[in-house]
1. Given B:GLN217, B:GLN194, which one is at pLDDT 95 or above, within 16 Å of DNA strand D (Cβ to nearest atom) and under 28 Å from B:SER67 (Cβ atoms)?
2. Show the residue pairs meeting these rules: Cβ distance below 7 Å; 6+ apart or different chains; first residue within region B:196-215 and over 21 Å from B:LYS74 (Cα atoms); second residue near DNA strand C (Cβ under 7 Å from one of its atoms).
3. Name the residues in region B:226-240 that are without any contact (Cβ under 8 Å) to a residue 60 or more places away in the chain and either within 11 Å of another protein chain (Cβ to nearest Cβ) or within 19 Å of the chain's Cα centre (by Cα) (or both), would you?
4. Provide a single number: the residues in region A:218-239 that are within 16 Å of DNA strand C (Cβ to nearest atom) and either within 13 Å of A:GLU162 (Cα to Cα) or not assigned by TED's automatic domain parsing to the domain that holds A:VAL175 (or both).
5. Restricting to region A:196-210, count the residues that are within 12 Å of chain B (Cβ to nearest Cβ), open to solvent by 60 Å² or more (accessible area, probe 1.4 Å) and more than 6 Å from DNA strand C (Cβ to nearest atom).
6. Give the residue that is farthest from the chain's Cα centre (by Cα), with candidates limited to residues of region A:77-111 that are polar (S, T, N, Q) and within 9 Å of another protein chain (Cβ to nearest Cβ).
7. Counting just the residues of region B:15-50 that are in a helix (DSSP H, G or I) and among the acidic types (Asp, Glu), which one comes out surrounded by the most Cβ atoms within 10 Å (Cβ to Cβ)?
8. Restricting to region A:224-252, and then to whatever is modelled with pLDDT of 95 or more and aliphatic (A, V, I, L, M), can you tell me which residue is most open to solvent (accessible area, probe 1.4 Å)?
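The values are calculated or read from the model by the stated rules, or taken from the named source; none is laboratory data. Source: prediction; values computed, not measured. Cβ placement follows ideal geometry from the backbone for every residue including glycine, while neighbour counts extend to all protein chains displayed. Heavy atoms of the whole protein, side chains included, go into the accessibility calculation; ligands, DNA and RNA do not. Shrake-Rupley method; radii C 1.70, N 1.55, O 1.52, S 1.80 Å.
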Protein chains: 2
Amino acid sequence: MATSTPAILPRVSCDQCPLRQCRSFRDFSSEELGFVHDFKTGEVSAAQGMSIMVEGERNPQLYTVLSGWGFRYKILEDGRRQILNYVLPGDLIGLQGHLMEEMQHSIEALTRMTLCIFERDKLPKLFRHHPSLAYDITWLAAREESMLDEHLLSIGRRSARERAAYLFAFLDARVKSVAAPPADRPFILPLTQQHVADTLGFSLVHTNKTLRRLVQQGLIRWLDRGCEVLDTERLYHVAEWRPPKEGKRPFI
Amino acid sequence: MATSTPAILPRVSCDQCPLRQCRSFRDFSSEELGFVHDFKTGEVSAAQGMSIMVEGERNPQLYTVLSGWGFRYKILEDGRRQILNYVLPGDLIGLQGHLMEEMQHSIEALTRMTLCIFERDKLPKLFRHHPSLAYDITWLAAREESMLDEHLLSIGRRSARERAAYLFAFLDARVKSVAAPPADRPFILPLTQQHVADTLGFSLVHTNKTLRRLVQQGLIRWLDRGCEVLDTERLYHVAEWRPPKEGKRPFI
DNA sequence: CGTAGGCTTGAGAGCTTTCAATTCATGTGG
DNA sequence: CCACATGAATTGAAAGCTCTCAAGCCTACG
């Protein structure tokens, strides 16, 4: 967990936003775009391993992820850590710290990330004057909730192999919905086995043995600090899961 | 899982709503109250064991719980069931089915429940004309998310004993925030050991052995189809958890 | 009085953790 | 360039936790 200061980047106009080109996001009216642009105060870049928010913090920044991966987690006093979910481009983070008294979880950068910073005090104004955007925020919250529901089902009731298969199927589906594959090279999920262990609720050793089995069966390949998904369909089958069919989704 | 038809009850005016007297809920302006009353189309009562929504359903009703307990759950094809969270008075349910294509989980009544039915088509109108209520809905979604985060931490990283202690501490805190204790008698959490097992991710047998231990240590008492919390502080300590300090919360 | 649902218990099999080492690639300072 | 420290992945073995199987008990209810 590095703690260097984040690099502040110049503000880029929202209609230039490369992420907005992505076909999974819904189109915004120029009026909406105008407000969002106004809502935005700048961009930051966070290095791998940097902590972006920490549990207990009051009134943190409100961000949208522009690029890179992060993860949300909680820890118990003795250090046991549970990863709650992953954060990818298009995700809105820090909302909880505004609605509740303080942040109830922490977020750390899994790769280098760039984040779009919003002016927190304008959130009430957004609700007052932009019902369509307010609706979008609620939509995003409902989507997060539904991902957490699936994680709970997985941790609570799936076997080790099924659980791991679910995780990779889930992450694979998520990256694919926000990024074009890097030219003729496969997607790599930028995880360490410790992250996988802390997501699935297993020890590192057992995680290793479980992954090894998936590798031998040709479902995934394990690289240094990363996982390549080889057979999506078979993962879906093992996990007994399919990616939800989402129409266009909002992106603030 | 009974399947008798729900009993439709007459509509009661919202400013008479007994739940609204409860001091954990924020006050509404008469204007807000007026809209909510208009939003409401009636009440239903559901018997114990009745299923209120089922996974896959499209466009379900939107309800607020007025009284009783329910639970949200998901099941795998072979019948393994995971309880995701409990539903208590003041909770809004069915929102997901409107924002997403279809319901991603089911809800069943744990005791007899009465529900307040909203007119689903007015949700957009709510966002357009009542930003404060839209904000409340988002608030409720964020709160649900934060409960799920805690459940994930619990299932993923706590030991059997800690996990059970967390569950009872959590439920105890939740009932106490929405109901006055039944005159000079203790609160009873209306669960069966099978529900506990499906919440904690354990088998029934192991759940029984874990509960037995908590009983012997004087933390809880187990009744037929119910749990009485005896020592809240000690439960908090075992679970290494405290109820979140919430100010007034919205209630739609 | 018989049945059903919920709670208990013991025992063996199976899954997961912990402990202890080892390998390998990368990066740093001498 | 080499020696050394570090982070990540791997492996075997024993201890500990959890599951399944198999009964039995008890109460409520028709």
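1. Every option except B:GLN194 fails the conditions.
2. The qualifying pairs are B:ASN208/B:GLN193; B:LEU211/B:GLN193; B:LEU211/B:TRP222; B:VAL215/B:TRP222.
3. Those that are without any contact (Cβ under 8 Å) to a residue 60 or more places away in the chain and either within 11 Å of another protein chain (Cβ to nearest Cβ) or within 19 Å of the chain's Cα centre (by Cα) (or both): B:GLY226, B:CYS227, B:GLU228.
4. Within region A:218-239, residues that are within 16 Å of DNA strand C (Cβ to nearest atom) and either within 13 Å of A:GLU162 (Cα to Cα) or not assigned by TED's automatic domain parsing to the domain that holds A:VAL175 (or both) number 2.
5. So the answer is 0.
6. Checked region A:77-111; the qualifying residue farthest from the chain's Cα centre (by Cα) is A:GLN104.
7. Residue satisfying both the conditions and the ranking: B:GLU32.
8. Across region A:224-252, the extreme among qualifying residues is A:LEU230.
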